[in-house]
Structures are given as C-alpha cells and as structure tokens.
Amino acid sequence: MIRIAPCLSVCLAFLLLSPLPSEAQSLLSSGGFGIPVEPFDARARGMGSVGIGLFGGYVLPTDPSAAAELRLPTITASLQPTSGTIDFNGVSGESSGSRFPLLGVGYPVGERTVATLSFGSYLDQRWRAQSESTIVLAGENVSVTDAFTSDGGLSTIRIGAARRLTDQFAVGITGGVHTGELTRSFVRTFQGLPEGEEIQPFETTGSWQMQAPTVAVGAHWDFQEFFRLAGSVTWSGSLEISDNRPDADEVRKLDLPVEYRLGASAILTSRVSMNAGVGYADWTDAGAALEEGESTGAVWNFGGGLEWEGPTLIGRSFPIRLGYHRGDLPFEFGGSAPSESALSGGFAINFSQVENIPLARLDVAVERGTREAGALSESFWRSTFSLRLSGR
Amino acid sequence: MNLFKTTAALGAVLLVGAGCSEELPTSPDPGMIPVEARTVEVRLPFASFAENPRTYSGFGSTSDVGRGEIARDFDGVLNAHTLVRFGAFPRSVTVRDTAGVSRTDSVLTFPEGRIVVHFDTLSIRGEPPLDVSAAAILTPWQSRTATWEMAVDTLGGSEPWPTPGGGPVRSVAQAEWNLADGDSVVMAVDSATLAEWRDTTNLARGVRLSMETPDARVRVRTAALRLDTRPSVRPDTIVQTSTGSGSITFIYDPVPDPAEEVLRIGGVPATRAVFDLNFPEVLDGPEEVCEVLGCPFELNPESVIFASLVLQAAPTPRAFRPVQSLSLDVRPVLSPERLPRSPLGSSLLQAPRELPASYFTEDGGGSIAIPMTSFVQAVISGTTNQGQATPRTLALLSAFEPESLDLATFAPPGSENEPYLRIVFTLTDGVTLP
C-alpha cells in the first residue's frame, strides 16, 4: 500500500504550478468568451469519452457519481502538452503549450461514501493576434506592429460526495465555483525610427475577475458488472465579470449553460470493453451577453472508444485504448460554427495493483485532431498524462 | 516506497518536459484585433506649452574650468589673460657628490627657469604664428575670485586691479608660437623673478599669460614652471626640477550680458536657460490632428508615447562661439521660487547631448531634439512615478558647469525658429470584454 500524504504533496505541486488549468491552444479561443476545456484525465481522453460512464471508480468533475466506486483514497493529476498548426486565410502558424487540466482527490468516508475534491479547467481564453502596417507621422512612413493578447481562462474547483445506494446504483453531487481572471492587452510598437526618436510602445490593458457557482449531480447504474449507464447534469449560475480597475463598478453577467451528459460502457469480451457518450449544452443565453461575436446555440459532443486490457507483464496489466471524439464549440469564429474532432489512442502502466484496484498507474493518451471554422483550420497533437495514486 | 519514488520521478520528468515551450496561437489577421488605434503627431508651439523664458548666469567661476584662455581684441571685443600661480618650489634635491655618493641637498639656488605653456591646438582662432607673452603679476590676487576688474572679490572684501585685466605687470618673456612647432611654447624666466615666485607668502606671486597677436584667441591647457637648480654639493652640476601643482584661471572682458532675446547656455560663469511648463489640459487643434483624434482632445499621460523638445541653434557672437562641441543637459528645477539658486533634479537625458560647434556659426543652425517622453507624461499626470508633484520648470544648461567660455545659443520663443514640443499620441477606445 502507498501512503497518500506524500502523493498529495506531489499533486499539490502540480496544482500550484498551474493556477489556471486550461489546455486549449486554439485561435477559436478568440470567439465569444473562449473555448471549453474539458477536465478529463488520460483514460477518458484515450477512449474518446465525453467524460462519463467509464468502468471503475475515478474522480472526474463531469461524472460526479463515479467516485463512489473508489475503495481507497486516490489522487489523480493530469498533464497535457499540446502542439499544433494553424491555417487561417492561407497563413500558417504554430502553437504549443502545456497545461494541467485536472487534479482530483477522492477519499472514502465509511463503507459507501466517497468525498471528492477536484480542480479542473473550464474555459480557455488565451490567444493572440498580430498585424503589421504603416502609418504616416510628420510626413514620414513609420512601420507599426499591433498585437492583441488575450490571456486567461476559467477553472473550476469543486467539492462533492458520491455514494453507492446499492451495489448497482450510485449517485454523486458536487458544488463549487468557476473562477478565473482575464487580461486583454493591446500593444502598438514602432519600428525603423531614427536614433533618438524611439517611440515608446503604446499599451492599453484591461483585466477582469470572473466567478460563477456551479453544481453537478450524477448517477450511474451497473448491471451484472458488464454494463454501466451513467448521466449527469451540471448547472452553472451567471458568470459575474468584474473590472479590476478601482474606479469601475460595473459587473457584467453571462449566463453559463446547463450541461447534460449521458454515457455507457459495456464489456464486449473478457478483455475488451467499450464506452460511448453524448453531451449537450445550450449556449444561446451566454451568447446574448456578448458584444463581439455570437454563440452557436446548442452544442453536441459525441465520443466513444474501446479499452483492451492488453498484455500482462510481470503480473501487471497494460491496458490499451482507442477512441474518437467529435464536438461542436459554443462560439462562432468569423461567422462560422466551429467544431473539433480527434482520433485518440492511449495506454496505461499499472505499477502496482491489488486485484483490480490500481495503486499506482500512469495513463497516457495521444490525440490527433482538427478544428474547423470557416477560413480557419487547425490540426493538433494533444497528449495527456495522468498519474493516479491510491493508498491508505 | 520504491514504487512511490518511481512514480514521483516519472511525474517530475513529465512536469519538466511539459514546461519547455509555450507558444500562443497567433492570428495574422488585423480584423481579429478588437482595438482601433490612432496615432498622430502634434507640434505645440512654445507658447502652447511653456511660458516665462529667462536666463540666469553666475554658476561657477573661471578657476573651476581648470584651463586658461588668452585672447586679444578677438572679434574686436574679447580680451582674455590666463593667470597662473605656480606651486611651491622644491626644498631639496638628491644628487651624487663627487665621490659618487647620493646626497640630499637642501641648499638650492635657482639661476634660471622656463615657463612651458601647452595650448589646445583645436581651439586656435586667429592666424598663426601667434605672439604670446608672460608677465609677473605685481598686485595681490586670488585665483578663486579674480576677474577682469577685481584682483580679489570675496565676501570679506574686494580689491580691484589697479589696471583692469590684471595690471600692472612686469614683462618676463615673449614667444612666438607656430602650430608647426608643436602644441607648446617655452619662455625663459630670470633668477630675480624666480626668487619672487619662490616666496609663498607673496600674495602677488603669479604670471599673467597674454595674447599679443590681435584678433586671436586660444585655449591654454596647462602652464608649468621648469626650474634649473645648482646643488651646493655639486656646484658644477645643473639639476632640472619643477614646482608643485599650482592654480590656473583666466580673466576676460567683456562678460556677455544676460541674454534677453535668446535662449543661451554655457560660458563662465555658466548661463542657464529656464522656462515654465504650462501644458494645456485639452487640445483643440490643429485641424489635421482633430480629424484623427477628435477635438477637443483631453491630454492624458497614457496616450503620450513620444515627446521631445526641439530647439533650433542660433548664431553665437564670434567672440564666444564654441570652438568645440558643447554638452547640453536638461533638468527640472525643483524649487523655482529659489532661482537662480534652486536645486535641480535628475537629468532628463540618458547622456548629455553633444552640440556641434558648427551649429552656432552664421551659416550653421541645426535642430536639437531632446527626448523627454517620461517627463511630459509626468507633467500631464501631475505626479512622478514616486508619487511626488512633477516639477513644472525646466532648465537647459551645460552638462559640465562651467565648461568653457563658449556659449550655445538657441532661437528664442516668438521667433521664426522658436522651440516647439513634438508629441506623438496613440489613442484607443480601450480594451473591452468580448
């Protein structure tokens, strides 16, 4: 058995290094109020899941009841490096970055209840636009570069509980807040000026604090240990956006949607299982609060995949996964409705397990995907690494 | 526990690997920038941003310069003499006696000496060869306060020269200096004069160096007294030695009047040009600016991205025209009510601005832009970065005061080439939420 306290310190280190978990690396972040970033671990990513209905016990904010299956205190931390190319109106660029989309803790309390704590990403608002032009100053042409940077995002911190009401049926509830900060800045720089006439860059910046309450409820039903059906509803209140300037007292509100998820898993053979799911959210009200851009309204997400228990090495299993995911994104980009799709694969290394309970496991997922919206085309590689530790 | 260490190490490796690069997705499409920026240049005439131009003189004295000047009727007006008080004569020398033993001899006689004068060859005005003279000063004088009129001018008392210009004097030597012979002249001094100069209680002790060639001026870099001495232990031997360090200053006439009609810096004692800033709170023109910014346009420090004070060099009278480049400095006046003795703030310039001597000739002229963006931002906001009230009076001065007899002159307010303030603004409607 592994002691949980040292593990907790490792995971807290992950958390401290990433106060704003958000992994999206996309120009689509510029549409409306950003791009959703799902707080999934590597197992869910590898199977193309919409984050619900996987076999076993785990801590995922999108599946509040799944933690009820945890038998031991468990910590999961995920790391997600992403790189990709962007093609917009015939001009190509690159993006890359690393984020920590999820930290989850589950702690059994009594025989049937598990307390949970999670910290996960929700919306990413990180993007940049840059253009070069020429202006006339005192009759002379001067080269200028304009750069606009949006930096920030929303994360969600939740506490909750999951309880097995019967051996086949469990429920879960979490409550918490979406919280984050958004900084948007514009910088104009001047080039090619004579010596002694260096013009200072012009910079104007705005920053806002964001906060909204959220509650999620979910349940799952296991049938004879070869089928699981799960569902969840996540409600979020109005996102209150307050200007950080001392003289600004206006608070803008943006209604976040209710999210519905339904997922199921089934044992296909003694060593192969599958998962499929669907998610739905209507962002129409959120779009109504925007001054720039519009929402795409109702968005759907589909995904599913297979998990093969894989070979057994030195008495430990080596699961291998394959999946596909496709989803709509909530805000228009250049008047077009964007979407994302990705093929995924992954595996896990169980360093230590007792019966079917992993005590120390590293999950790895790799996704190859695309995002499309009008003249914008992005392709990306997204890797997810999750470290799961359990013990007393 | 080994297992835990393994997994923790794996996690650490992932962590380090993940932090390697960060590249935001960037669009080249200007249409994605939700901010419209407008940049425009404004040239404010002097009266629009400043008032009350004036000059103050009296900073430092000629003895602070550390050099001399000699001139005779230069440009028909300027006369200058260099006054040198040599240091103490040596009290002893060490020589080998006839037996070859080193001995220190303190019974010295000085049968002869030579004044060696080095000139600044770049500062010659006039037609070489130049005749230079040396004369013994006969009136008690003070190096620190001597002027053309006054031999001593202290709070404790003043004493004029019997004859303005350091006179009367007794001629010691004359020499002709030709640039082809080098940068120095040597003039012999007799033993009687040396005996006078050896007496350090003699307050009249000193030599006056003068230019004898009309309409000429040259700068004296150094003047030294070389001595021949005959030691008592070796009367057949001449030993050459020098006096200790002394003092050098110069007196000149006429002293330029404080400039009323021009902005002027430099000279000895140094002159400063001072004016008060009076920024408008709102701009309502010119038309081309209003087209871009919209008028009336309220000045704010955030929108000012460049500001420079532009001066136009004006001809300086030939007598005081710079022979070499001058260094300009600009500093805020911290207590305008205490002018001309107000302390000055830190320089607005990263380094003194060199002003070429050619700017100040009849055919010269030249534009001197003095960047002062941060200062203008502070003046508009009313406070400095440290939260203190921004000084609203500026002084133009020589970076090294006093630097030389030379004056730098700028076209005054109200003239065709008056100073102006060049400001570049950038305006936006601010950054907003999507």
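Points to keep in mind about this one:
- Taken together, the criteria place A:Ser133 among residues that are of a type in the set (S, T, N, Q), open to solvent by 20 Å² or more (accessible area, probe 1.4 Å) and at the interface with another protein chain (Cβ under 9 Å from one of its Cβ atoms).
- Test for A:Ser78: is it in contact with a helix residue (DSSP H, G or I) (Cβ under 7 Å, 6 or more places away or on another chain), at negative phi and either β-branched (Val, Ile, Thr) or within 14 Å of chain B (Cβ to nearest Cβ) (or both): yes
- Residue list for the stretch B:365-381, restricted to those being open to solvent by 30 Å² or more (accessible area, probe 1.4 Å), touching a Ser or Thr at 6+ places or on another chain (Cβ under 8 Å) and away from every other protein chain (no Cβ under 13 Å): B:Ser381
- Residue in the stretch B:298-313 that is under 18 Å from B:Arg422 (Cα atoms), acidic (Asp, Glu), surrounded by fewer than 21 Cβ atoms within 10 Å (Cβ to Cβ) and away from chain A (no Cβ under 14 Å) present: yes
Table: residues versus (1) within 25 Å of B:Arg54 (Cβ to Cβ); (2) in contact with a Gly (Cβ under 6 Å, 6 or more places away or on another chain).
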{"site": "B:Pro336", "(1), (2)": "yes, no"}
{"site": "B:Leu339", "(1), (2)": "yes, no"}
{"site": "B:Ser342", "(1), (2)": "yes, no"}
{"site": "B:Gly345", "(1), (2)": "yes, no"}
{"site": "B:Pro352", "(1), (2)": "yes, no"}
{"site": "B:Tyr359", "(1), (2)": "yes, yes"}
{"site": "B:Ile368", "(1), (2)": "yes, no"}
{"site": "B:Gly382", "(1), (2)": "yes, no"}
{"site": "B:Asn385", "(1), (2)": "no, no"}
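- Only one of A:Leu193, A:Leu254 that is within 14 Å of another protein chain (Cβ to nearest Cβ), in contact (Cβ under 8 Å) with a residue 40 or more places away in the chain and crowded, with 20+ Cβ neighbours inside 10 Å: A:Leu254
- Qualifying positions in the stretch A:240-280 - within 20 Å of A:Glu340 (Cβ to Cβ), of a type in the set (A, V, I, L, M, F, W, C) and touching a Lys or Arg at 6+ places or on another chain (Cβ under 9 Å): A:Val278
- Some residue of the stretch B:302-313 being modelled with pLDDT of 85 or more, under 27 Å from B:Gly366 (Cβ atoms), in contact with a strand residue (DSSP E or B) (Cβ under 6 Å, 6 or more places away or on another chain) and outside any strand (DSSP E or B): no
- The sole residue among B:Glu354, B:Glu362 that is open to solvent by 20 Å² or more (accessible area, probe 1.4 Å), under 16 Å from the mean Cα position of the chain (by Cα) and not hydroxyl-bearing (Ser, Thr, Tyr) is B:Glu354.
- Exactly one residue out of A:Gly90, A:Gly97 is within 14 Å of chain B (Cβ to nearest Cβ), modelled with pLDDT under 95 and either in contact with a Pro (Cβ under 9 Å, 6 or more places away or on another chain) or buried (at least 19 other Cβ atoms within 10 Å of the Cβ) (or both), and it is A:Gly97.
- Remark: pairs (first residue in the stretch B:370-397, under 18 Å from B:Ala273 (Cα atoms); second residue open to solvent by 40 Å² or more (accessible area, probe 1.4 Å) and part of a strand (DSSP E or B); Cβ separation under 8 Å; 6+ apart in sequence or on different chains) = B:Ile370/B:Arg353; B:Leu394/B:Arg331; B:Ala395/B:Arg331; B:Ala395/B:Leu344; B:Leu397/B:Arg331; B:Leu397/B:Leu344.
- Residue pairs meeting the criteria (Cβ under 6 Å; at least 6 apart or on separate chains; first open to solvent by less than 80 Å² (accessible area, probe 1.4 Å), in the stretch B:180-191; second charged (D, E, K, R) and modelled with pLDDT of 90 or more): B:Ala188/B:Arg114
- Some residue of the stretch A:155-162 being at the interface with chain B (Cβ under 8 Å from one of its Cβ atoms) and touching a Leu at 6+ places or on another chain (Cβ under 6 Å): no
The values are calculated or read from the model by the stated rules, or taken from the named source; none is laboratory data. In this text the structure is predicted, and so the values were computed from the model without any measurement. Neighbour counts are summed over all protein chains in view; Cβ atoms, including those assigned to glycine, are modelled from backbone coordinates with ideal geometry. Heavy atoms of the whole protein, side chains included, go into the accessibility calculation; ligands, DNA and RNA do not. Shrake-Rupley method; radii C 1.70, N 1.55, O 1.52, S 1.80 Å.
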